[in-house]
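> Mind looking over this structure? Questions follow.
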Amino acid sequence: MSGQQQSLNVAMFIDADNAPSRKIGDVLAELASYGSVSIRRAYGNWKNPCLDPWGKVLHEHAIQPIQQFDLVKGKNATDMAMAVDAMDVLFNKPVDVFCLVSSDCDFTPLVMRLRAEGKQVVGFGERKTPEPFVNACSRFLYVDQPELTDDQVGALITHLEKSLAVEDSGLVPAPERKTCKELKGDTKLMNLLRNAVAYAESEDGWASLATVGSRIGNQASFDARNYGYPRLVDLFAAIDLFEMKRVNNHPQIRYKRRSATSVA
């Protein structure tokens, strides 16, 4: 699977007005898991001093700046230019994955059009990004993290120092993640997971995690890492409403309430 992903061609389109320049390195690191980012473009009015921080980033990551003047006050011509170029690439370049870096909901129709043509669309944006854009993407990852206080920075340094002590043993410190209570309190997440399991379950209530994951991927933009878990199986394991087992080394999952009903 990973070998297949490495052969994919990726095009990255950045809405510089609505994306943090300091996070582009992280975006490119994530896109490396898909393949080669052969097209790298950032759109904006580069005469605007607000975009000055982008200068170093563009050179460092070989990103082509596309100039778009503000033709009418209050209207953002950048969005239109970026959408037109993306459609041009869609029909004229051998691109498999489109990456849109923006927190602007106006790109939702573009995402839907690209996906209708069978393309993967990976979105990156801040947590203020409207849900229609997030859900339209094949996957959407948040690039912003809350600013750390001095106490939190000190705690993080202590944590990293302790991590170095176990590095030789191959142990990897667990990332910060949402608790079981927090996960169960997320109504949207729980409905998504329960519905996916219900869709894939057999008569005894057990469902293949692979089928569940595929169902979730078709329904909404979802990534377990947004909740602090490296894999979907880890996320399910953290929620005490589900039980898991392995059949021929393939994970199976069942909703516990469904299990109790079957026994009754």
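> Which condition from (1) out of contact with any helix residue (DSSP H, G or I) (no Cβ under 6 Å at 6 or more places or on another chain); (2) at pLDDT 95 or above; (3) farther than 20 Å from Tyr43 by Cα is the one that Met112 breaks?
(1)
> Which one is modelled with the lowest pLDDT among residues in the stretch 1-54 that are under 17 Å from the mean Cα position of the chain (by Cα) and among the aromatic types (Phe, Trp, Tyr)?
Among those residues, the one meeting the criterion is Tyr34.
A quick yes/no check of all residues on (1) closer than 21 Å to Glu126 by Cα; (2) not in a loop (DSSP other than H, G, I, E, B):
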site: Ile14; (1), (2): yes, yes
site: Lys23; (1), (2): yes, yes
site: Ser38; (1), (2): no, yes
site: Ala42; (1), (2): yes, yes
site: Ala62; (1), (2): no, no
site: Pro65; (1), (2): no, yes
site: Thr78; (1), (2): yes, yes
site: Met87; (1), (2): no, yes
site: Leu90; (1), (2): no, yes
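> I would also like to ask the following. Taking the condition of being touching a helix residue (DSSP H, G or I) at 6+ places or on another chain (Cβ under 9 Å) and exposed (fewer than 12 other Cβ atoms within 10 Å of the Cβ), how many residues in the stretch 34-59 meet it?
Of the residues in the stretch 34-59, 2 are touching a helix residue (DSSP H, G or I) at 6+ places or on another chain (Cβ under 9 Å) and exposed (fewer than 12 other Cβ atoms within 10 Å of the Cβ).
> Moving on to the next point. Looking at (1) under 23 Å from Arg22 (Cβ atoms); (2) touching a residue at least 60 places away in the same chain (Cβ under 8 Å), which is the only condition Asp52 fails?
(2)
> List pairs: first in the stretch 79-93 and free of Cβ contacts under 8 Å to residues at least 60 places away in the same chain, second surrounded by 14 or more Cβ atoms within 10 Å (Cβ to Cβ) and aliphatic (A, V, I, L, M), Cβ under 8 Å, 6+ apart or cross-chain?
Every condition considered, the pairs that remain are Ala81/Ile66; Ala83/Leu110; Met87/Leu110; Leu90/Leu114.
This table checks each residue for (1) closer than 30 Å to Leu241 by Cα; (2) assigned by TED's automatic domain parsing to the domain that holds Tyr227; (3) under 25 Å from the mean Cα position of the chain (by Cα); (4) at pLDDT below 55.
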position: Phe98; (1), (2), (3), (4): no, no, yes, no
position: Asp106; (1), (2), (3), (4): no, no, yes, no
position: Gly118; (1), (2), (3), (4): no, no, yes, no
position: Cys137; (1), (2), (3), (4): yes, no, yes, no
position: Leu148; (1), (2), (3), (4): no, no, yes, yes
position: Leu164; (1), (2), (3), (4): no, no, no, yes
position: Val172; (1), (2), (3), (4): yes, no, yes, yes
position: Pro175; (1), (2), (3), (4): yes, no, yes, yes
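> Out of curiosity, is Ala196 free of Cβ contacts under 8 Å to residues at least 24 places away in the same chain, among the aliphatic types (A, V, I, L, M), assigned by TED's automatic domain parsing to the domain that holds Lys184 and surrounded by 16 or more Cβ atoms within 10 Å (Cβ to Cβ)?
When the stated conditions are applied, Ala196 passes them.
> Are any residues in the stretch 198-228 under 21 Å from Glu131 (Cβ atoms) and outside any helix (DSSP H, G or I), and if so, which ones?
Within the stretch 198-228, Ala220, Ser221, Phe222, Asp223, Gly228 meet the criteria.
The values are calculated or read from the model by the stated rules, or taken from the named source; none is laboratory data. These numbers come from a predicted model, not from an experiment. Cβ atoms come from the backbone with ideal geometry, glycine included; neighbour counts cover every protein chain shown.
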